[in-house]
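Q: Following this message is one structure expressed as structure tokens.
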């Protein structure tokens, strides 16, 4: 019964989406306030209905209602409660419902917090949101219904893929989708602005907080996924340039570019059409990512052909959304008023450089991700594009941005003085050059890229702090003056400094893990020791143990450095009888400076076990850096000027500058 | 107005230089780093380059998995029904590595005809058959339809 309520709620939300995408758009065209306000009501009601539907699905999973096909395929009554709940979105149908839930959540947030928005812009934005919701709910209802029943319920379910039974992965999809789908708001704002034919500073101020919120969610989501891959897949790596990872990384790169270009629109009224294009591209890449992951083309283009219904449906949505918005862009962009002029060396110039490099880097990642698909479709042979391609293209493209991101904030708008900016940063520059030299001479690592990476990390971390110090005149002025300047500095500036610091920390972690790790693979018997860098791993014991829904073989490693005991870690191989599947749990001891990482493979007491031991320098910094970046985003989001319900003085200005032209368009 | 033109000029040149540079980078990276898929039959016919990073796929031949005592080295044969290749791998095999199961190995062909794998991939699903392997088996006429299109469930990574 409850499952049927969920299904009906979804159908009702579908009907509301149809209303929301049509009437308010017409109302905005005619200047009819009543029709425009309809969007607000439908957006809120739609969210309530999808929430009800989602609750019904979670309920089916929690109560192990095996008359629902989705529950049979993805759950089991022995599963711990957390994974019963996360099982609701650990499958194709349920994850789409989560997708739509977040989509309607954003719609409802625009409806309730967007009181200061001009009514036409709000109506049009919500109408575009309605169109996206309409497409995706239709997709669910017609091809992927999560509430499908079976006539004869089995005694128990088939269980959830054990790899997904993990706390990191339970929360990975909600964050990731918050980011993916949050970008839909920037997209809807961009399309609404194109329909209106008007982009100004106020528009940028409304778009930025949404993009920022989505960006934070996406960063945390990608970070969680990477963390999970690191400890669960047991390969000692954190990023594999796997197509599924790339599918989330490409929108992140575009969203990062969008965040920066929106600043230029807000402050200088320039780069308007470029910003609109980025907003369209960022969400288009989210849609493309959804298509790649959900249609099965990644495993094989032939898998796509065997279940064409779903793939063709999403492909159609993709063509309509991306094709439609880009066509609209092509028609409308030339008529946008060109904004303020600026010299190449200026704050705008720096932000533009960031944008161009991020976008081009995103395109090279996209190319590498899609290339095997192209060749496969053309029957030109089977290939795979692995990390070497991405490292060789993405790495060099990041170097200029990393170098420029410290200088940019020190340049003034319109026309900057690069020499004075560089002279402020002399200390950071000296340390960076020294770090590069030391790495090249002493580390014995091949290639110049790791050394440049070490230098860039030092440059960014020290440079970002120096930029803030310069701003508040630390040690150049009285303590009281510095304190006053500290208090007057807007939160968005702190947000930027923190986020940039996070990039530096993340970069240090990435370079440390990829270029300086020590790995050792061998056969070990109980009592045997192996030296990994300056540490010694001793296989102390291997025991069997019983988990809630698995049995495990647990290896206890004792790690020592010289004579002192560092830690004891447990590496497990788990067998899940219901799913007939095995998983690996790495044993990790983390210090601030490195991860000591142990994995156990097959073996026995007499023959010994295959073990894989790593020292991964600075790996924890990858997660710290990601968290610091997201905190930077949140601090910036808390800035008064960016608050979702924009401040009252700008509201007056905005409203007066946007009179409602009755019937005008 | 002249300055607007000038701004457009340097903007466009910057974009062109950047795109050109990125394209050059991508093309070189593709040339050097693309990993081709070869079946055991391809290798028997001498179609695969020696020493270059390639992927091979097939079924793990029953009874062929050998572990060297006191070492982490493992050897096994991969077959597509037509031909088979001896694979040597040093490390932990994926959790779902079994005999008679389809796997993909990435590594380099040695001059003695054996394949030194740096990575062995088997998907985390019992019924899953790597698509490249399925195709190779089909080509050599070794294919059973029933274990084909299963296993689309739970492709997370």
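Q: Most exposed first by the Cβ proxy, i.e. fewest other Cβ within 10 Å, how do B:79, A:125 rank?
A: Numbers: B:79 22, A:125 32.
Least to most surrounded, the residues fall as B:79, A:125.
Q: Separate question: What is the stretch A:396-516's relative contact order, in percent, from Cα pairs under 8 angstrom and six or more apart in sequence? Could you put the intermediate results ahead of the total?
A: On the way: 103 pairs, mean separation 35.3, N = 121.
Once divided by the residue count of the stretch A:396-516, the mean separation gives 29 percent.
Q: Can you pull the one-decimal nm distance between simple spin-label points at residue A:470 and residue B:62, each 7 Å off the Cα toward Cβ?
A: A separation of 7.2 nm, rounded to one decimal place.
Q: From Cα pairs below 8 angstrom and at least 6 apart in sequence, can you work out the relative contact order of the stretch A:1-81, rounded to a whole percent? Walk me through the numbers on the way to the answer.
A: Details: 69 pairs, mean separation 27.9, N = 81.
Relative contact order of the stretch A:1-81: 34 percent.
Q: For residue A:380 paired with residue A:422, estimate the spin-label separation in nm (one decimal), with each label point 7 Å from Cα along the Cα-to-Cβ line.
A: For the pair residue A:380/residue A:422, the computed spacing is 4.3 nm.
Q: Quick one: if the Förster radius is 41 Å, what FRET efficiency do residue B:24 and residue A:63 give, using the C-beta to C-beta distance and rounding to 0.05? Can you show the working numbers first?
A: Numbers: r = 59 Å, r/R0 = 1.43.
Plugging the Cβ-Cβ distance into 1/(1 + (r/R0)^6) gives 0.10.
Q: In what order do B:85, A:530 fall by count of nearby beta-carbon atoms within 10 Å, going from fewest to most?
A: Working: B:85 25, A:530 17.
The order, fewest Cβ neighbours first, is A:530, B:85.
Q: Okay, moving on. In whole Å, how far is the Cα centre of the stretch A:329-360 from that of the stretch A:134-193?
A: The stretch A:329-360 and the stretch A:134-193 have Cα centres separated by 36 Å.
Q: For a protection proxy built on the mean count of beta-carbon atoms within 10 angstrom, sort A:619-630, A:335-346 highest first, please.
A: Working: A:619-630: 22.1, A:335-346: 15.8.
Ranking the peptides A:619-630, A:335-346 by packing returns A:619-630, A:335-346.
Q: Could you please state, rounded to a whole Å, how far the C-alpha centre of the stretch A:458-503 is from the C-alpha centre of the stretch A:266-294?
A: 30
Q: Can you give the mean number of other chain Cβ atoms that lie within 10 Å of the Cβ atoms in peptide A:366-377?
A: On the way: counts 0, 5, 5, 0, 0, 3, 3, 0, 0, 2, 3, 0.
Partner-chain Cβ atoms within 10 Å, mean over residues of A:366-377: 2.
Q: Just to confirm my numbers, what's the Cα centroid distance between the stretch A:80-103 and the stretch B:62-113 in Å?
A: Computed from Cα coordinates, the inter-centre distance equals 38 Å.
Q: Normalised by the number of residues in chain A, what is the relative contact order in percent for Cα pairs under 8 Å and 6+ residues apart?
A: Working: 1210 pairs, mean separation 88.8, N = 665.
Computed over chain A, the figure is 13 percent.
Q: Efficiency by 1/(1 + (r/R0)^6): what FRET value for residue A:433 and residue A:528, r their Cβ-Cβ distance, R0 = 60 Å, to the nearest 0.05? It would help to have the intermediate numbers written out before the result.
A: Working: r = 45 Å, r/R0 = 0.74.
The pair residue A:433/residue A:528 has a calculated efficiency of 0.85.
Q: How much FRET efficiency would the formula 1/(1 + (r/R0)^6) give for residue A:4 and residue A:627, where r is the Cβ-Cβ distance and R0 is 41 Å, rounded to 0.05? The partial results should precede the final answer.
A: On the way: r = 42 Å, r/R0 = 1.03.
It comes to 0.45.
Q: Right, something else. Assuming 0.36 nm per residue, please report the length gained on full extension of the stretch residue A:113 to residue A:544 beyond their Cα-Cα distance. Mind showing how you got there, number by number?
A: Numbers: separation 431, 0.36 × 431 = 155.16 nm, distance 5.47 nm.
Here the segment from residue A:113 to residue A:544 would lengthen by 149.7 nm.
Q: Using the count of nearby Cβ atoms within 10 Å as a rough guide to exposure, how do A:558, A:58 rank from fewest to most? Intermediate values should be presented prior to the final figure.
A: On the way: A:558 16, A:58 19.
Ranked by crowding around the Cβ, least crowded first: A:558, A:58.
Q: May I ask what percent, to the nearest 5, of DSSP beta bridges between residues of the protein assembly as shown are antiparallel? Write out the running numbers ahead of the final one.
A: Numbers: 78 of 84 bridges.
Antiparallel bridges make up about 95 percent of those DSSP assigns within the protein assembly as shown.
Q: Still on this model: Take every residue in peptide A:237-246, count the Cβ atoms of other chains within 10 Å of its Cβ, and give the average of those counts. Before the final figure, lay out each step's value.
A: Details: counts 0, 0, 0, 1, 0, 1, 1, 3, 1, 0.
Counting Cβ atoms of other protein chains within 10 Å of each residue's Cβ and averaging gives 1.
Q: Any idea how far apart residue B:100 and residue B:10 come out in nm if each label point goes 7 Å out from Cα toward Cβ?
A: Reported label-point gap for residue B:100 and residue B:10 is 7.1 nm.
Q: Note the full-extension length gain between residue A:341 and residue A:267 as 0.36 nm times their separation in residues minus their Cα-Cα distance, in nm to one decimal.
A: On the way: separation 74, 0.36 × 74 = 26.64 nm, distance 1.23 nm.
25.4 nm is the gain from fully extending residue A:341 to residue A:267.
Q: Averaged over A:226-233, how many beta carbons belonging to a partner chain fall within 10 Å of each residue's beta carbon?
A: Values: counts 0, 0, 2, 2, 0, 0, 1, 4.
Shielding by partners across A:226-233 averages 1.
Q: Taking every pair of Cα atoms in the protein assembly as shown, average 1/r, invert it to obtain the Kirkwood radius, and report Rg/Rh to two decimals.
A: On the way: Rg = 28.0 Å, Rh = 28.7 Å.
Taking Rg over the Kirkwood Rh, I get 0.97.
Each reported figure results from applying straightforward, stated rules to the coordinates on display, with no laboratory input. Note that the structure is a prediction, hence the values are computed from the model and not measured. In this analysis, Cβ positions are derived from the backbone assuming ideal geometry, glycine residues included, and neighbour counts consider all displayed protein chains.
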